[in-house]
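Every read-out reported here was derived from the displayed coordinates using simple, explicitly stated rules and does not represent laboratory data. Nothing here was measured: the structure is a model prediction, and the numbers come from that model. Positions of Cβ are backbone-derived with ideal geometry, glycine not excepted, and every protein chain shown enters the neighbour counts.
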Amino acid sequence: MTDMLYYPSNEYQKEFEAKVQGKGKDYVVLDRTLFYPEGGGQPYDTGELKWRDENASVIKVKKKKGEIRHYIDGSLPEPDTVVKGKINWDRRYNHMRMHSAQHIISWIVLNMYNGQTAGNQIHEDYSRIDFEPVEFSSRDVEKIEQASNALIEKELEVKKKEMARELIEKQMTEGRTNLELIPSNIDPLRVVVIADEDVCPCGGTHVDNLKEIGKINIVNRKSKGANVERLEFKLEN
């Protein structure tokens with residue numbers, strides 16, 4: 001099983017050393033990694049692996065059959081080879097800022113409109129969130145953007161830690177996430193906590209302080225069906 005070095009709060013490390021546990025036709029499995037595998041609406045990390053006099057690009061990372069597979073463009077190192085990994089930091093950091101911004105918007109919408117997050121997709125340059133059951137007006141969107149940026153201006157710490165499932169159930173605001181969708185055997189859970197109020201189970205990468213997000217600009221609103229609204233947003237540095 002691969003040790004995920006970025007858990008629970010080590011998102012800022014950029015380089016690491018690991019040993020190859022196994023390989024497939026176009027991927028390798030490492031005993032430890034900083035690479036984030038695609039999941040939870042967040043894309044995978046990219047980067048590179050180096051060993052001896054060789055190096056190869058890591059073009060995608062996914063969890064399959066209990067493995068974290070690092071898909072390689074180039075030659076593959078053999079099992080038991082020690083490799084040095086380096087993630088594409090700009091891509092990782094953009095995802096961190098976007099994912100933390102998504103948590104803020106979801107928290108604001110839940111509190112202001114009792115709208116639950118039905119889905120989200122993070123990208124480097126823009127992201128989207130689907131909410132239900134809501135019907136936003138243009139003025140509502142303005143209020144959400146203003147409230148989100150007002151929270152960012154408080155420069156609050158973003159805590160990432162593991163918590164017992166029982167404690168999360170007691171502290172998490174109703175409707176914040178579908179905790180029942182997470183298998184009951186996963187305990188403790190990794191959570192992201194903002195201002196000691198927004199407690200949300202999440203395996204994604206996040207910033208340490210809201211000030212790193214910059215400014216949220218909600219650039220589009222779309223109806224995705226009865227009482228389902230999609231907000232698309234970008235970030236300013």
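Provide M112, M96, M4 in ascending order of the number of other Cβ atoms located within 10 Å of each residue's Cβ, fewest first.
Ranked by crowding around the Cβ, least crowded first: M112, M4, M96.
Rounded to the nearest 5, what % of the DSSP beta bridges within the chain are antiparallel ones?
Here the share of antiparallel DSSP bridges comes out near 95 percent.
Taking Cα Rg over 2.2 N^0.38 Å straight from the coordinates, which label in (i) 0.97; (ii) 1.08; (iii) 1.13 is the correct one?
Correct label, based on the coordinates given: (ii).
DSSP loop trypsin sites (Lys or Arg not before Pro) in the stretch 101-170 with at most 14 other Cβ atoms within 10 Å of their Cβ, which ones?
On the way: sites: R128, R139, K143, K154, K159, K160, K161, R165, K170; in loops: K154.
Sparse-neighbourhood loop trypsin sites (Lys or Arg not before Pro): K154.
If you plug each phi of the stretch 47-60 into the Karplus form 6.51 cos²θ - 1.76 cosθ + 1.60 with θ = phi - 60°, what whole-Hz ³J(HN,Hα) values come out, in order, with x for Gly and Pro?
x, 8, 10, 10, 7, 6, 9, 10, 8, 8, 8, 8, 9, 6
Among K62/K160; K64/K224; K62/K154; K60/K160; K160/K234, which pairs are too far apart, with a Cα-Cα distance over 32 Å?
From the list (K62/K160; K64/K224; K62/K154; K60/K160; K160/K234), the Cα-Cα distance tops 32 Å for K62/K154.
Using the Karplus curve 6.51 cos²θ - 1.76 cosθ + 1.60 with θ = phi - 60°, work out ³J(HN,Hα) for each residue of the stretch 181-192 in order, rounded to whole Hz, and write x for Gly and Pro.
7, 8, x, 5, 7, 8, 6, x, 10, 7, 10, 10
Per DSSP H run of at least 4 residues, take -39500 (n - 2.57); add these up for the chain, divide by its residues and hand me the 222 nm value, nearest 500 deg cm²/dmol.
Details: 3 runs with 47 residues, N = 237.
The per-residue figure over the chain is -6500 deg cm²/dmol.
Once amide H atoms are built 1.01 Å from N in the peptide plane, which residues 5 or more positions from V228, or in another chain, come under 5 Å H to H?
HN-HN under 5 Å from V228: V134.
Treating the angle as unsigned and between 0 and 90°, give the value, to the nearest 10°, between the Cα long axis of helix 138-152 and the longest Cα principal axis of the chain.
Result, in degrees: 60.
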